[in-house]
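Below is one structure, written out as structure tokens; comments come after it.
The values are calculated or read from the model by the stated rules, or taken from the named source; none is laboratory data. From a predicted model like this one, the values you see are computed outputs, not experimental measurements. Heads up, the Cβs are rebuilt from the backbone with ideal geometry, glycines too, and the neighbour counts pull from every protein chain shown.
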Amino acid sequence: MDRIPEKYAQHEAYKWLLDFKENAYRRFNDKRKAVVHHATSGTAFAARHLQAKGYQEHEELMADRLALADFLRDNMLLTIESYYQTLELLAEIDAQDFNLPEYEMSQ
């Protein structure tokens, strides 16, 4: 995104991708970094489970664990949408910079 020329900044796909990069992707990447560089979610869960002292803490821990499936599903759907938006932006770049016919993708 940092290298895309300014003239595309008003394109809807560019705006969507920039928002995705600065928000949803950042949240996902923070979780990804923790798992890849520190400990798996299972290891982190086990450690937190052993440290939890009461019912409330165990309940919150389980809620966090169960929410992970929704988080991953939502990010998978965002990945699909970001792919679509990338293709839209590339089609715009092709049309403007390379005089290729613009095509419309159907969702």
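Among the residues of the stretch 63-107, which ones are over 23 Å from the mean Cα position of the chain (by Cα) and loosely packed, with under 13 Cβ neighbours inside 10 Å? Result: Asp97, Phe98, Asn99, Leu100, Pro101, Glu102, Tyr103, Glu104. If you go through the stretch 49-62 and pick out every residue that is of a type outside the set (Asp, Glu), surrounded by 10 or more Cβ atoms within 10 Å (Cβ to Cβ) and modelled with pLDDT of 80 or more, you end up with 4. Determine which single condition Leu100 fails, assuming it passes every other condition in (1) modelled with pLDDT of 90 or more; (2) touching a helix residue (DSSP H, G or I) at 6+ places or on another chain (Cβ under 7 Å); (3) of a type outside the set (Phe, Trp, Tyr). Answer for Leu100: the failing condition is (1).
Yes/no matrix, rows are residues, columns are (1) touching a Leu at 6+ places or on another chain (Cβ under 9 Å); (2) within 23 Å of Met1 (Cβ to Cβ):
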site	(1), (2)
Tyr14	yes, yes
Asp19	no, yes
Ala24	yes, yes
Lys31	yes, yes
Leu50	no, no
Glu60	no, no
Ala69	no, no
Asn75	no, yes
Ser82	yes, yes
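The set of residues in the stretch 30-42 that are surrounded by 11 or more Cβ atoms within 10 Å (Cβ to Cβ) and modelled with pLDDT under 75 comprises Ala34, Val35, Ala39, Thr40, Ser41. Condition (residue is touching a residue at least 40 places away in the same chain (Cβ under 8 Å) and in a helix (DSSP H, G or I)) applied to the stretch 51-63: is it met by at least one residue? No: the stretch 51-63 contains no residue that is touching a residue at least 40 places away in the same chain (Cβ under 8 Å) and in a helix (DSSP H, G or I). Reported count of residues in the stretch 4-29, each being over 10 Å from the mean Cα position of the chain (by Cα), assigned to a loop (DSSP other than H, G, I, E, B) and either of a type outside the set (Gly, Ala, Ser) or crowded, with 16+ Cβ neighbours inside 10 Å (or both), is 4. What are the pairs, 6+ residues apart or on separate chains, where a residue within the stretch 90-102 that is in contact (Cβ under 8 Å) with a residue 60 or more places away in the chain has its Cβ under 8 Å from a residue that is surrounded by fewer than 13 Cβ atoms within 10 Å (Cβ to Cβ) and not aromatic (Phe, Trp, Tyr)? Pairs found: Glu92/Glu102; Gln96/Lys7.
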